[in-house]
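Take a look at the structure below.
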């Protein structure tokens with residue numbers, strides 16, 4: 001996926017989402033990478049890996065949560081292809097101290113699923 005442009009709170013960024021699927025991984029993985037548009041030295045990289053009730057990457061860019069009683073309830077899903085989702089994640093990490101204009105080191109988040117319970121994101125219900 002090519003780099004896409006987004007502006008959050010007046011600051012321009014570039015971002016992309018990539019799917020990673022392998023025999024070693026349990027299920028799919030999605031990796032979201034965000035750069036400050038004027039430099040790629042300090043990217044924000046978040047990895048979302050399938051785990052338990054979380055299904056990642058089917059279809060590409062979708063994170064789906066199904067409760068243990070999923071037959072009675074529609075799944076909740078998050079689309080990493082949506083700029084609104086990316087903007088919310090950028091805002092969260094900027095407030096948490098990520099400053100790519102000044103800090104010249106990548107910020108790597110190995111377990112992005114843990115964020116989904118604390119960050120206010122635009123979730124969908126039913127089938128994406």
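Filtering 77, 98, 36 for residues that are modelled with pLDDT under 90 and at negative phi leaves a single hit, 77.
Inspect all residues belonging to region 103-110 and state whether any of them is touching a helix residue (DSSP H, G or I) at 6+ places or on another chain (Cβ under 8 Å) and modelled with pLDDT of 90 or more.
Initial filter on region 103-110 (touching a helix residue (DSSP H, G or I) at 6+ places or on another chain (Cβ under 8 Å)): 107, 109.
If we keep only those that are modelled with pLDDT of 90 or more as well, we get 107, 109.
Looking for residues that are touching a helix residue (DSSP H, G or I) at 6+ places or on another chain (Cβ under 8 Å) and modelled with pLDDT of 90 or more, one finds at least one in region 103-110, hence yes.
Need pairs with beta-carbon distance below 7 Å; first residue under 16 Å from residue 110 (Cβ atoms) and within region 10-28, second surrounded by fewer than 14 Cβ atoms within 10 Å (Cβ to Cβ) and at pLDDT below 95; sequence gap 6+ or separate chains. Between residues of region 10-28 that are under 16 Å from residue 110 (Cβ atoms) and residues that are surrounded by fewer than 14 Cβ atoms within 10 Å (Cβ to Cβ) and at pLDDT below 95, the close pairs are 18/1.
The values are calculated or read from the model by the stated rules, or taken from the named source; none is laboratory data. Keep in mind that what you see is a predicted model, and the values were worked out from it rather than measured. Quick reminder, even Gly has a Cβ in these numbers, built from the backbone with ideal geometry, and neighbours come from all protein chains shown.
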